[in-house]
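The values are calculated or read from the model by the stated rules, or taken from the named source; none is laboratory data. Since the model is a prediction, treat every value here as computed from it, not as a measurement. For neighbour counting, all protein chains shown are included, and Cβ atoms are generated from backbone atoms with ideal geometry for every residue, glycine included.
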Amino acid sequence: MLIAITGATGIDLAIKLLETLREKKIETELIISKNAEKVISLETDYNISDIQKLVNQNYDANNLLAPPASGSHKEDSMIVIPCSMKYLSAIANGYANNLITRAADVMIKEKRKLILVVRETPFSVIHLENMLKLAKINVVIFPPIPSYYIKPKTVEELTEFTVGRILDHVGIESGIKRWGENYKK
């Protein structure tokens, strides 16, 4: 599975996803954008090497010769988490100027699973049009909107639930609380 981290806020979502995939022994490849490196230092106590140790393979975001740039590289799914509006726009418009956008372009052309965990609020008309354009070609648009029916006590619980729902979309069981499990007549 290919994971890309862009410079939007919400780095904890990416870290929790990578930790969960590692616990489940899922082969994982990672691309981190330059802006994400800055946001990681602002939002977390992690450094880049800590995050890179969570995966099997790391790629430089500027290396367009890396395996994920080719359709012959077998990746069944890619998750961009968090996905900035800059990257959403580039992906929606086929602007494959680095490895993240090129890998996403490959996922689209090869009709493979692509999930964009978009981070922005509120959405502008431009954001919504880009999301609609991608949703029409089966890209999963996944804003990490909290689910309060799980009765979260911490932000960590919301993060774990969001990661669990993302994993649902790639067919990996996460053990999260499901709707109706707390329902009482």
Checklist line | Residue selected from segment 111-129 under the condition hydrophobic (A, V, I, L, M, F, W, C) and part of a helix (DSSP H, G or I), by the criterion farthest from the chain's Cα centre (by Cα) | finding: V125
Check: For residues in segment 1-22 being β-branched (V, I, T), touching a strand residue (DSSP E or B) at 6+ places or on another chain (Cβ under 8 Å) and not in a loop (DSSP other than H, G, I, E, B), which is nearest to E173 (Cα to Cα)?
Finding: I3
Notebook entry, point to check: Within segment 49-75, which residues are modelled with pLDDT under 95 and surrounded by 14 or more Cβ atoms within 10 Å (Cβ to Cβ)?
Noted result: E75
Checklist line | Residue list for segment 1-35, restricted to those being of a type in the set (G, A, S) and within 16 Å of A61 (Cβ to Cβ) | finding: A4, G7, A8, A14, S33
Check: If you go through segment 87-106 one residue at a time, how many are closer than 20 Å to A14 by Cβ, outside any loop (DSSP other than H, G, I, E, B) and touching a residue at least 40 places away in the same chain (Cβ under 8 Å)?
Finding: 8
Next item on the list: With the condition kept exactly as written, say whether any residue in segment 77-91 is exposed (fewer than 14 other Cβ atoms within 10 Å of the Cβ) and modelled with pLDDT of 95 or more.
Entry: no
Checklist line | Number of the condition not met by A96 [criteria: (1) modelled with pLDDT under 95; (2) in contact with a helix residue (DSSP H, G or I) (Cβ under 8 Å, 6 or more places away or on another chain)] | finding: (1)
Item checked: Given (1) out of contact with any strand residue (DSSP E or B) (no Cβ under 8 Å at 6 or more places or on another chain); (2) surrounded by 11 or more Cβ atoms within 10 Å (Cβ to Cβ), number of the condition I108 does not satisfy -> (1)
Next item on the list: Quick one: in segment 151-167, of everything that is within 20 Å of G180 (Cβ to Cβ) and of a type in the set (D, E), which residue is nearest to the chain's Cα centre (by Cα)?
Entry: E160
Note to self: The conditions are (1) outside any loop (DSSP other than H, G, I, E, B); (2) out of contact with any helix residue (DSSP H, G or I) (no Cβ under 6 Å at 6 or more places or on another chain); (3) under 24 Å from K24 (Cα atoms), and L132 fails exactly one of them. Which is it?
What the structure shows: (3)
Check: Only one residue in V140, V118 is surrounded by 12 or more Cβ atoms within 10 Å (Cβ to Cβ), touching a Cys at 6+ places or on another chain (Cβ under 9 Å), touching a residue at least 24 places away in the same chain (Cβ under 8 Å) and of a type in the set (A, V, I, L, M). Which one?
Finding: V118
Margin query: Residue under question is P152, and the condition is that it be surrounded by 15 or more Cβ atoms within 10 Å (Cβ to Cβ), closer than 20 Å to A90 by Cα and not aliphatic (A, V, I, L, M); does it hold?
Written below: no
